[in-house]
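Colleague: My structure is below; once you've seen it, I'll send some questions.
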Amino acid sequence: VSTQSTGNTNLFYYHFKKKTKKLKKKKKKTKKLKKKKKKTKKLKKKKKKQKMSLKKTSGVREVNCVTLDFLHNEIIDYCIRSSENLTIAASKIDRIGFRIGQRLIERLSKDKPRVSETLDVIKFICKDFWKDAFQKPIDNLRTNHKGIFVLTDNKHRCLTNISSSSSSIASEQLQCYALLSCGIVRGALENLGIEATVVAEVQQIPICVFTLKCK
């Protein structure tokens, strides 16, 4: 009887241990699953927040672009109205643009390494600076490798609000709209250590070609 009872107790303990091991494994699995669920929830929340912030920033950018366009037009209209002729207005617009360009490039290049080569500076202007100032990079860059660079913007920001069929705007007045951009580019280049003359040619609205002559 004693041997039978001991055998039974051993079997009981064996099965009991097996069950407890299974239960422990199940508990571990459930804990892991809970952790995974928590992680996925956190990731989903993060993604939602990122999407919301992106929407907000894009909305803010759109508002900034609209206000900049309005400000750009107001500056030009004010300079033309308050000047005796278009040549005086053009010099005023160029000076305002020059100061804007200097401030823009200071903000954009403060955390970036200084570039010394002229071609590298122009490339930086065409890509990073143009995107920051006019919301898109330059479409085409050409050079004769002798200090002359031709930059083509197929949809220049400052000319997008002007209708191509508008006959009320004279060619001289239209040139004033591109002059602010010339001043902005000239100011940016000077702050980067390059003295240059910048001339803009409005071939067909909103296409604008900028010729940079580095001294």
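Colleague: Given a Förster radius of 22 Å and the C-beta distance between N73 and Q135 as r, what FRET efficiency does 1/(1 + (r/R0)^6) yield to the nearest 0.05?
Modeller: On the way: r = 16 Å, r/R0 = 0.71.
Efficiency for this residue pair is about 0.90.
Colleague: Still on this model: Hey, can you rank 124-134, 138-148 by average C-beta count inside 10 Å, highest first? Walk me through the numbers on the way to the answer.
Modeller: Values: 124-134: 19.0, 138-148: 12.5.
Sorting 124-134, 138-148 by mean packing, highest first, produces 124-134, 138-148.
Colleague: As a test of reading the structure, rank R99, R157, R114 by solvent-accessible area (1.4 Å probe, protein chains only), most first.
Modeller: Working: R99 120, R157 70, R114 165 Å².
Accessible-area ranking of R99, R157, R114, largest first: R114, R99, R157.
Colleague: Shifting gears a bit: Quick one: Karplus J couplings for segment 140-146, per residue in order, coefficients 6.51, -1.76, 1.60, θ = phi - 60°, nearest Hz, x for Gly and Pro?
Modeller: Working through the residues one at a time gives 8, 10, 10, 8, 9, 6, 10 Hz.
Colleague: Among the listed pairs K25/K48; K110/K136; K112/K215, give every one whose C-alpha distance is greater than 26 Å.
Modeller: Numbers: K25/K48 35 Å; K110/K136 21 Å; K112/K215 24 Å.
Listed pairs above 26 Å: K25/K48.
Colleague: Can you give me the solvent accessible area of F70 with a 1.4 Å probe, rounded to the nearest 10 Å²?
Modeller: Its accessible surface works out to 130 Å², give or take rounding.
The values are calculated or read from the model by the stated rules, or taken from the named source; none is laboratory data. Keep in mind the model is a prediction, meaning the values are calculated, not measured. FYI the Cβ positions are ideal-geometry reconstructions off the backbone, even for glycines, and counts take in every protein chain you see. Surface accessibility is based on the protein's heavy atoms, side chains included, excluding ligands, DNA and RNA. Shrake-Rupley method; radii C 1.70, N 1.55, O 1.52, S 1.80 Å.
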